[in-house]
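The values are calculated or read from the model by the stated rules, or taken from the named source; none is laboratory data. No experiment lies behind these values; they were computed from the predicted model shown. Ideal geometry is used to build each Cβ from the backbone, glycine not excepted, and the neighbour counts take in all protein chains shown.
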Ligand code: MSP
């Protein structure tokens with residue numbers, strides 16, 4: 001994506017329907033926008049971040065009637081809860097627009113009138129099918145089903161026949177200009193694959209769009225013809241201009257329009273990439289730079305949506321974890337254009353491994369050592385060795401790459417790179433063994449250097465994380481004795497040397513709670529891995545009896561080759577080892593009852609077979625996310641298998 005070069009930066013989320021409180025899918029859009037807005041501020045831009053609610057239309061009218069409320073009363077009750085959610089997620093929007101606000105309604109009427117005068121809006125008769133859930137007119141080629149009705153191809157709900165007098169927007173007149181826009185400014189639609197989709201839709205031919213309704217009362221009245229209300233999408237899209245001052249604050253409007261990024265879900269891309277630029281062309285407004293279509297969060301492989309009853313309430317997660325783990329997970333797990341499957345197991349695993357283990361431990365260890373060995377203030381470091389220098393230069397390189405990645409909306413890649421660096425610093429610390437140096441007073445200058453590098457790296461990394469995890473980033477800076485918040489330091493002035501000797505660090509508090517799956521899901525802990533089901537005592541005749549399973553049952557087991565990366569004893573348990581294994585696509589932690597037969601150092605680097613889709617179990621307070629296969633006879637145990645050639649971690653065993 002093209003880099004931003006102008007001084008102001010204007011980013012929007014879609015405005016959310018008020019038929020219900022936002023769920024994790026909606027939170028996703030808003031979190032992406034928040035991270036990009038916070039980054040652009042660090043990059044020195046004057047940022048305006050707009051979000052809000054879409055409160056008119058048939059969908060809201062219907063939802064309110066079902067609840068026995070007026071549409072405005074429903075909107076008022078939902079808006080408060082939505083705003084509470086954004087607060088709990090630490091969203092830093094500059095303005096929250098509601099389409100029922102007076103200045104917005106007036107602005108929409110003024111624009112409507114201007115387009116009537118220009119001849120781009122004209123009166124006619126509409127007959128066709130309408131989907132209330134998506135507030136969308138169906139294309140003519142959607143087939144009629146067996147009972148003579150049409151089903152909305154997007155949401156699968158039955159559409160209604162609408163036949164009424166209406167005002168049309170002359171969309172057909174803009175087909176060529178739209179195609180020219182996509183050809184000349186391919187960055188107008190992101191990602192690229194979506195541009196092709198949009199362009200081919202427009203190439204297929206555009207029909208004029210019905211933009212008023214006489215049967216829907218809950219909407220902005222058409223100026224001079226109030227039996228008509230304005231189509232909710234015409235009304236809603238113009239929030240992006242009324243929200244920054246169109247018709248009420250010209251200076252603000254001048255400063256920020258056109259938008260840099262309209263962030264939208266892929267389901268509403270067409271409204272933003274076809275209708276919206278056409279409306280803007282008709283109104284003679286400059287066009288936004290980019291409409292970015294993100295993917296969906298799915299639950300059990302289906303889009304999370306209220307009507308499907310599979311939505312996840314972010315508040316439940318926020319209560320346990322606070323905002324940053326959820327923000328991190330949603331942004332880290334998938335690139336912005338792709339879909340992702342949300343699972344509590346996946347969430348917990350990522351949080352425990354990346355936040356509690358990798359980042360949390362790095363901070364905890366480093367700062368505790370600075371407190372213990374230097375009473376909180378590092379002094380007298382020796383000069384940098386080649387390894388120390390590498391921690392510094394790697395950071396400078398990381399900083400430049402992360403800037404570009406954030407600037408091009410590649411948030412997950414930026415986080416991936418930051419974590420690779422965190423891993424390298426953890427390794428540097430482990431290889432330097434500061435806890436051993438601390439025993440030898442002659443090595444104190446070396447110890448000071450190692451802890452100084454680690455603290456400087458932590459400071460730098462937490463700055464880079466500010467757009468995604470602002471609260472944690474501020475806390476870490478506090479632990480490091482920084483007086484300012486990361487928000488006050490421009491990106492360009494971030495330097496590895498920002499952490500200096502003579503600064504007193506505080507004892508860190510735990511940043512990321514380590515939560516066991518059982519606690520999180522509120523259910524009983526899964527029992528420790530059971531012995532293999534088919535193991536039975538021999539009968540009197542010496543034959544083995546077995547429970548027979550079908551091939552399908554066997555196929556449900558996901559067996560993989562696992563490469564052991566780390567092994568250590570579980571404190572206080574003579575039989576248990578904690579292993580970290582690489583199973584190809586990810587790393588897992590597992591607990592195995594093999595400590596009486598295998599020493600941890602015998603295992604690192606070996607490969608074995610593990611079952612990876614067994615429900616995780618918490619054993620002695622440690623979550624086990626896979627189970628290994630071993631041959632067991634009485635108290636004897638042998639790990640299987642021994643591969644007769646090299647196999648990669650993650651290889652399927654069948
Ligand atoms: N009101 C319209 C937008 C008007 S903008 C001028 C609307 N509202 S919505 O509440 O239904 O959806 C708002 C946004 O949430 C959309 O971008 C949609 O893609 C996003 N999401 C809703 N469910 C989602 C997921 N399950 N996953 C990710 N985003 C999803 O459409």
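Residues considered: 200, 163, 193, 172. Of these, the only one that is surrounded by fewer than 17 Cβ atoms within 10 Å (Cβ to Cβ), modelled with pLDDT under 95 and assigned to a helix (DSSP H, G or I) is 193.
Of the helices (runs of 4 or more DSSP H) lying entirely inside the range 414-502, those containing at least 3 residues that are under 23 Å from residue 35 (Cβ atoms) are 444-464, 470-479. Total residues in the range 211-240 satisfying the condition of being within 16 Å of the ligand (Cβ to nearest atom), surrounded by fewer than 24 Cβ atoms within 10 Å (Cβ to Cβ) and either in a loop (DSSP other than H, G, I, E, B) or modelled with pLDDT under 95 (or both): the figure is 1. Look at the range 364-382: where a residue is over 15 Å from residue 456 (Cα atoms) and a partner is modelled with pLDDT under 95, sitting 6+ places away or on another chain with Cβ atoms under 6 Å, you get 371/507. Pairs linking a residue in the range 245-265 that is over 24 Å from residue 35 (Cα atoms) and without any contact (Cβ under 8 Å) to a residue 24 or more places away in the chain to a residue that is part of a loop (DSSP other than H, G, I, E, B) and more than 14 Å from the ligand (Cβ to nearest atom), with Cβ atoms under 9 Å and 6 or more positions apart or on different chains, are 251/245; 254/245.
Would you be able to say whether some residue in the range 487-494 is closer than 30 Å to residue 626 by Cβ and surrounded by fewer than 17 Cβ atoms within 10 Å (Cβ to Cβ)? Looking through the range 487-494, none of the residues is closer than 30 Å to residue 626 by Cβ and surrounded by fewer than 17 Cβ atoms within 10 Å (Cβ to Cβ).
Within the range 1-106, considering only helices (runs of 4 or more DSSP H) that don't extend past its boundaries, which have at least 2 residues that are within 16 Å of the ligand (Cβ to nearest atom) and within 23 Å of the chain's Cα centre (by Cα)? Reasoning before the result, please.
Values: elements: 24-42, 58-67, 71-88.
Those helices (runs of 4 or more DSSP H) span 24-42, 71-88.
Evaluate the following for residue 503: is it closer than 25 Å to residue 415 by Cα and either at pLDDT below 95 or exposed (fewer than 15 other Cβ atoms within 10 Å of the Cβ) (or both)? So residue 503 fails the test.
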